[in-house]
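Take a look at the structure below.
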Amino acid sequence: MRLHTPAAELKMPLDERVRQQVLKHTNGMIQGLQVDLLADHLVLTGRTNSYYAKQLASHAAMNTIDEVLELTNDIRVG
């Protein structure tokens with residue numbers, strides 16, 4: 001399932017688009033969220049209190065990107 005992306009968001013850099021979608025779809029449950037784009041690799045970092053929020057972050061990130069990228073979710077739970 002692809003998330004609908006408004007035209008204005010498409011003009012944003014990919015890392016910022018992913019960051020906004022992750023924050024939106026996790027309802028702010030990720031503190032200190034950082035999204036780094038390294039060549040063909042996307043890395044999520046931050047903190048949350050639940051594995052569910054971490055999983056939501058992965059899904060939101062993957063549904064936001066069009067190209068094939070490897071995703072590493074380094075969000076800490078605890």
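Between T72 and L42, V43, L44, the built amide H atoms are under 5 Å apart, and every one of these is 5 or more places off in sequence or on another chain.
For the chain, the relative contact order comes to 33 percent (Cα pairs under 8 Å, sequence separation of at least 6).
The share of accessible area on the chain that comes from carbon and sulfur is 53 percent, using a 1.4 angstrom probe.
Using θ = phi - 60° in the Karplus curve 6.51 cos²θ - 1.76 cosθ + 1.60, the 3J(HN,Hα) couplings for the range 41-47 round to 9, 10, 10, 9, 9, x, 9 Hz; x is entered for Gly and Pro.
Going by alpha carbons, how many degrees (0 to 90, nearest 10) lie between the helix axis of 51-64 and the longest principal axis of the chain? For 51-64 against the chain, the angle is about 10 degrees. To the nearest ten degrees, helix 14-25 and the longest principal axis of the Cα atoms of the chain are 50 degrees apart. Counting only protein heavy atoms and a 1.4 Å probe, the range 5-74 has 58 square angstrom of accessible area per residue.
The values are calculated or read from the model by the stated rules, or taken from the named source; none is laboratory data. Please read these numbers as outputs of a predicted model, since none were measured by experiment. Heavy atoms of the whole protein, side chains included, go into the accessibility calculation; ligands, DNA and RNA do not. Shrake-Rupley method; radii C 1.70, N 1.55, O 1.52, S 1.80 Å.
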